[in-house]
Each structure stands twice: as structure tokens, then as C-alpha cells.
1. Looking at region 18-60, which of its residues are touching a Lys or Arg at 6+ places or on another chain (Cβ under 7 Å) and at pLDDT 90 or above?
2. Given region 21-121, what strands (runs of 3 or more DSSP E) lie entirely inside it while holding 2 or more residues that are surrounded by 13 or more Cβ atoms within 10 Å (Cβ to Cβ) and among the charged types (D, E, K, R)?
3. With the requirement that a residue be touching a strand residue (DSSP E or B) at 6+ places or on another chain (Cβ under 7 Å) and in contact (Cβ under 8 Å) with a residue 24 or more places away in the chain, what does region 103-121 give you?
4. Can you pull out the residues in region 1-20 that are of a type in the set (Ser, Thr, Tyr), part of a loop (DSSP other than H, G, I, E, B) and crowded, with 16+ Cβ neighbours inside 10 Å?
5. If you check Val84, Val107, Val99, which single one turns out to be among the β-branched types (Val, Ile, Thr), at negative phi and in contact with a Gly (Cβ under 9 Å, 6 or more places away or on another chain)?
Amino acid sequence: MSWSMQDYPDSMKNLPEATKSKAIEIANALLDEGYEEGRAISIAIDRARSVKEDDQGNKEEYHLLPHDKGWQLKKANGDRAIMVEETKSSILEKAKQHVKQQEGALVIHKEDGSIENSLYV
């Protein structure tokens, strides 16, 4: 049996569309190789999620950096600040929300400019 986006295993129904599509592709390939259906589904979902996580490295990067007036959120290689706040704590949640809306990655810097943390939000 071959699956499609219209006909797929119940265990894939709650996957995001892109992940589901990849899982279906992988599961069909595993079935063609002779894997048992349940095993193929399990492996396919796991591999599809891994591929999706790897794709996150391709997201637009935003940086939370020190600024003359406190802290700023800037797009990687951007010239201007997207937002500026006096304290790091006051800008952090706003920055996370902005980056999440843009489906980007947030790189948080320390006061000396070195990287403290990277988040896929």
C-alpha cells in the first residue's frame, strides 16, 4: 500500500503538513524496501521530524545585541535595529515574539558581544 497526503496512517494526522509530507515520502520508500508497515511508519515519522529540525538551520537569523541605549534586536547583516529597549529582560520576550512571527532563529548575545544562546522560536 502506498500513502498520499489524502490517505495516510492515523499516527501522522497531527504532524505539520511539511513533516507529514516528508514522513509519507519516507514511509513509502521504506515499504518499497520491504519494511513492515508499522515499522516503516515509526521510522518515517522520526526521520521526517529530524529533517524538519535540520531545516531550522536555514531560518533567518535575528540577533539580540547590546546597543547605545540598552539592547537591540537586529536582523543578521541588518543595518538598523528592529527594536531597542533599555534592558535585556525588557526586550527578550518582545524579541522572541517577533522572531517567532517571522519563523526565524534568535541568537542572544552577552553584554561583551559574545554569543550566550541560540533559539529556534
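The values are calculated or read from the model by the stated rules, or taken from the named source; none is laboratory data. Bear in mind that the values here come from a model prediction, so they are computed numbers and not experimental data. Ideal geometry is used to build each Cβ from the backbone, glycine not excepted, and the neighbour counts take in all protein chains shown.
1. The answer is Ile26, and nothing else.
2. Per the criteria, 70-75.
3. Gly104, Ala105, Leu106, Val107, Ile108, His109, Glu111, Gly113, Tyr120, Val121
4. Once the filter is applied, which keeps residues that are of a type in the set (Ser, Thr, Tyr), part of a loop (DSSP other than H, G, I, E, B) and crowded, with 16+ Cβ neighbours inside 10 Å, region 1-20 yields only Tyr8.
5. Answer to the check: Val84.
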